[in-house]
Amino acid sequence: MAASSSSTGSKPNSVSGGKPAGPSAEQVVSTFQRMRQEQRGMASKAAELEMDINEHSLVIDTLREVDASRKCFRLVGGVLVERTVKEVLPALENNKEQISKIIESINTKMQSKGRELTEYRERYNIRLVGEGEGETGASAGDSEGGGSKSGAGVLVS
């Protein structure tokens, strides 16, 4: 890391002579990693809620086939309560709809976070390890104009 900064050391000094310098490479990487972790957390939560929807669907389908006056047990706030199918079925359907809305909201936020990550990657020329080999062949025609940018990028594992 020190070797690459010393070889281009004269270039940033001339650029930052009168202007404040941008964030350091470590700050860029840590911000990028934090943003990626936030996106992963959203994806994890969405997957968890998808499993909850599947469980709700299974229970709803099962309860639709039984008598409405039959008693069933439901876990509410950590307490097991006895109810009838007639009372529980509408609540389960409502919960399933609410979970679906939450998943849609999370997916929307994940898409905006993905766009934000892409913009951040382009702004600071961040390349992921193993990504450079696949893109060099595809962007060989574009390397004439952007050749100097790729040398100043940040490599993230």
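Which of the residues that make up the range 1-46 are at pLDDT 50 or above, loosely packed, with under 11 Cβ neighbours inside 10 Å and hydrophobic (A, V, I, L, M, F, W, C)? Passing the criteria: only ALA21.
Within the range 65-80, is there a residue that is of a type in the set (Lys, Arg) and open to solvent by less than 100 Å² (accessible area, probe 1.4 Å)? Yes, the range 65-80 contains a residue that is of a type in the set (Lys, Arg) and open to solvent by less than 100 Å² (accessible area, probe 1.4 Å). If you go through the range 67-78 and keep only what is part of a strand (DSSP E or B) and within 19 Å of GLU55 (Cα to Cα), you end up with CYS72, PHE73, ARG74, LEU75, VAL76.
Residues of the range 83-134 that are outside any helix (DSSP H, G or I) and surrounded by fewer than 10 Cβ atoms within 10 Å (Cβ to Cβ): VAL129, GLY130. Applying a threshold of 7 Å to beta carbon distances and a minimum spacing of six or more residues, or different chains, the list of pairs starting in the range 61-82 at a residue that is within 20 Å of LYS96 (Cβ to Cβ) and ending at one that is assigned to a helix (DSSP H, G or I) and of a type outside the set (A, V, I, L, M) reads ALA68/LYS86. Inside the range 87-106, residues that are touching a helix residue (DSSP H, G or I) at 6+ places or on another chain (Cβ under 6 Å) and under 29 Å from SER30 (Cβ atoms) make up a count of 1. Assessment of the range 40-63 against the conditions (more than 23 Å from LEU155 (Cα to Cα) and in contact with a strand residue (DSSP E or B) (Cβ under 8 Å, 6 or more places away or on another chain)) yields at least one matching residue.
The values are calculated or read from the model by the stated rules, or taken from the named source; none is laboratory data. For clarity, every value in this text was computed on a predicted model and none was experimentally measured. Quick reminder, even Gly has a Cβ in these numbers, built from the backbone with ideal geometry, and neighbours come from all protein chains shown. What goes into the accessible areas is simple: the full protein's heavy atoms, side chains included, and nothing from ligands, DNA or RNA. Shrake-Rupley method; radii C 1.70, N 1.55, O 1.52, S 1.80 Å.
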